[in-house]
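Participant: One structure coming up, written as structure tokens, with questions to follow.
Bear in mind these aren't lab numbers, they're just calculated from the coordinates by the rules spelled out. Only a predicted model underlies this, so the values are computations on that prediction, with no experimental measurement involved. Positions of Cβ are generated from backbone atoms using ideal geometry, with glycine treated the same way; all protein chains shown enter the neighbour counts.
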């Protein structure tokens with residue numbers, strides 16, 4: 001399972017200290033058994049080890065003497081041992097001088113009582129390997145599985161349980177067959193401690209496998225404190241029984257010990273059997289079946305043998321043979337815990353084996369060639385330089401068949417993302433990528449609402465449902481947003497963070513039709529996800545494949561950014577084109593810098609309005625051809641438009657022979673009244689030049705201009721697709737009426753304009769005019785050139 005796990009550096013100081021303590025349990029056992037072996041080699045050895053009164057041969061010659069398969073001791077050198085203390089009464093009866101023999105009466109399973117003689121001789125290293133090698137190797141295997149599991153998935157619930165079980169079991173197995181006799185207290189305390197803890201660590205493992213029990217998820221500290229407190233008490237009872245050397249107490253402790261192991265085994269088997277039959281999640285059911293087989297075939301024999309021997313005093317089997325079946329349980333635990341991690345490492349291991357074999361063969365060949373002639377070795381180098389790259393290519397094609405076509409696949413996906421012109425096209429390419437890369441059945445890609453528009457985007461195998469909640473509010477998606485990591489469907493039933501939302505997470509995976517969820521990240525924020533479906537052949541996801549998928553997801557994000565930038569640029573171009581109808585370039589630049597047309601909100605502002613209208617245009621238009629009318633208007637509009645741009649006015653509209661320009665909106669202009677006056681004077685001069693040309697053609701046309709300054713409502717007017725930017729209020733009406741009242745070549749202003757500009761322009765009073773729409777007469781003034789006039 002490619003689970004979302006913590007890294008080693010994420011562990012707290014307390015966790016790291018506990019990890020070192022568990023590792024030290026096994027390391028201390030290795031140190032003690034090594035010291036014991038060094039101490040015993042070269043000294044007289046009786047030829048057997050004792051577990052109570054059960055004997056196991058410690059030398060091959062002792063096995064050949066009749067102790068093969070183990071036996072139960074009844075008498076030693078004429079002394080009946082039944083009910084006697086092994087340390088105080090049995091051990092002193094043994095002969096320990098080299099060259100002598102011990103006469104034993106033993107009972108073997110399924111056989112009659114027999115007498116055997118086992119000589120005493122000096123112990124050799126071969127004897128140590130024969131007696132203890134199997135148990136030490138099995139202990140090392142236990143520790144290796146626990147340590148590797150923890151290294152690959154540090155701080156996980158099942159990793160802690162497996163490390164505890166493997167460390168204690170490894171220490172126990174390492175010291176199990178380390179000789180016979182009144183051992184030193186440190187050896188006995190260690191062995192009895194691990195034996196006592198063996199009643200606790202299986203309970204921990206039984207709660208953690210095949211899926212963490214709710215007790216372990218909700219109250220881990222309390223549950224584990226109780227479990228290991230019982231283990232410590234049991235270890236203390238073991239040490240006390242040994243220290244008192246009371247045969248009845250030792251037998252009682254042995255019965256309690258084996259009964260606890262039997263109860264834990266039955267609990268584990270029962271829990272695995274129940275989950276194998278009733279678990280709704282197929283992964284949990286599969287795990288339960290594997291562990292059920294491991295418990296039945298791996299734990300039953302050693303636990304049963306110890307229980308019968310301790311409780312009934314019947315020797316059933318050499319304990320070394322019984323303990324080897326624990327490797328079946330170990331294999332089941334490793335497979336359920338590390339299956340995906342080990343599968344991802346399997347190809348690398350194959351590559352290492354093939355490389356090692358190839359290098360070894362070449363080394364042997366090189367040695368052989370050098371033995372014949374150095375020139376032959378030199379002659380092999382040239383073809384080797386050619387053959388080795390081809391060998392690597394063939395090896396990679398065999399080990400990584402999908403990686404051979406991966407560059408072409410990635411290129412095709414990249415081209416598809418580069419050609420995408422909208423969000424839907426990007427998501428379509430993204431949700432097709434897993435199928436092209438890793439033989440996935442179907443996938444979906446989604447973006448949250450607000451990322452690429454107000455609505456949620458969902459493409460691929462899963463289609464949006466009207467009554468379904470937004471994906472961003474799904475508990476599974478919320479967890480992905482928080483962790484910003486991939487989530488596998490397999491994790492839901494075995495990871496503690498999902499214990500309260502298991503049903504909702506399964507429902508979300510079902511809704512998306514996915515087995516894997518990858519986050520889509522932009523600037524460290526999750527904006528959507530890629531829901532990857534199941535693989536056609538059920539292959540395990542390799543880390544490389546996940547990294548490639550993440551890379552494709554990030555390429556999709558870049559494509560979304562490109563499309564967003566393109567759409568924003570296109571929108572601004574359209575906005576610029578629309579603003580160009582009303583504002584001169586310098587005004588447009590300032591408007592766009594402030595945020596574009598969106599910033600042009602309706603508002604009440606002080607503006608200066610300039611209105612112009614042609615005189616004699618109606619009679620002119622009725623007397624000439626339409627083409628001539630339009631040509632004349634074109635000359636007039638071009639000349640006036642240049643002045644509007646020059647003085648940065650806002651053109652509201654051209655209405656036939658008239659037009660309106662206003663100042664101080666949308667951009668603030670402190671001199672807006674003066675700008676309007678100067679523009680009007682410049683326009684009058686331009687019209688005078690145009691009139692000379694029109695006069696040659698017989699056209700009697702002139703223009704009247706009106707200017708007023710006051711408050712008005714400014715903003716866009718119209719509807720979507722046809723809008724104008726203008727001002728509404730009496731200020732426009734009065735400027736238009738002044739324009740109507742002005743004679744040809746005359747510029748009329750109000751008293752407000754005269755008061756603002758009287759220090760810089762000349763004005764002549766025209767009198768009070770009766771203006772339609774205004775109750776009181778309006779004073780009007782004629783604007784004349786010459787800044788010295790008053």
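Participant: Shape of the stretch 403-566 from its Cα gyration tensor (a ≥ b ≥ c, root eigenvalues): rounded if a/c is under 1.5, otherwise prolate when a/b > b/c, or oblate?
Facilitator: Because a/c hits 1.5 or more and a/b fails to exceed b/c, the stretch 403-566 counts as oblate.
Participant: Further question: Give, in nm to one decimal, the length gained when the segment between residue 642 and residue 354 is fully stretched (0.36 nm per residue of separation minus the Cα-Cα distance).
Facilitator: 95.4 nm
Participant: Rule-of-thumb check for the stretch 138-200: C-alpha Rg over 2.2 N^0.38 Å?
Facilitator: 1.24
Participant: Please give the length that would be gained between residue 17 and residue 388 if that part of the chain were fully extended, namely 0.36 nm times their separation in residues minus their C-alpha to C-alpha distance (nm, one decimal).
Facilitator: 128.8 nm is the gain from fully extending residue 17 to residue 388.
Participant: With labels modelled as points extended 7 Å from the Cα through the Cβ direction, what inter-label distance (nm, one decimal) is found for residue 751 paired with residue 775?
Facilitator: 1.6 nm
Participant: Residue 361 versus residue 759, label points 7 Å from Cα toward the beta carbon: distance in nm?
Facilitator: In this crude label model, residue 361 to residue 759 measures out at 10.3 nm.
Participant: Follow-up. What are the extents of the Cα atoms of the stretch 48-122 along their three principal axes, listed from largest to smallest and rounded to whole Å?
Facilitator: That works out to 31, 29, 20 Å along the principal axes.
Participant: For residue 502 and residue 685 in one chain, what is 0.36 nm times their gap in residues minus the Cα-Cα distance, to one decimal in nm?
Facilitator: Contour length minus the Cα-Cα distance gives 57.6 nm.
Participant: Compare the peptides 500-511, 89-100, 654-665, 254-265 by average per-residue count of other Cβ atoms within 10 angstrom and give them in order, highest first.
Facilitator: Highest to lowest by the protection proxy: 654-665, 254-265, 500-511, 89-100.
Participant: Based on the mean of other Cβ atoms within 10 Å per residue, sort peptides 607-619, 224-236, 753-765 so the most packed one is first.
Facilitator: For the peptides 607-619, 224-236, 753-765, the packing ranking is 607-619, 753-765, 224-236.
Participant: I would also like to ask the following. Report the normalised scattering of the stretch 585-784 as log10 I(q)/I(0) at q = 0.13, 0.14, 0.15 Å⁻¹, calculated by the Debye formula with identical scatterers on the alpha carbons.
Facilitator: Calculated log10 I(q)/I(0) at the listed q: -0.72, -0.83, -0.94.
Participant: In what sequence, highest mean first, do 389-398, 208-217, 414-423, 521-530 appear when ranked by Cβ atoms within 10 angstrom?
Facilitator: 208-217, 521-530, 414-423, 389-398
Participant: While we're looking at this one, here's another question. Once you put a point 7 Å from the Cα of residue 41 and another 7 Å from the Cα of residue 441, both along the Cβ direction, what distance in nm separates them?
Facilitator: 5.9 nm
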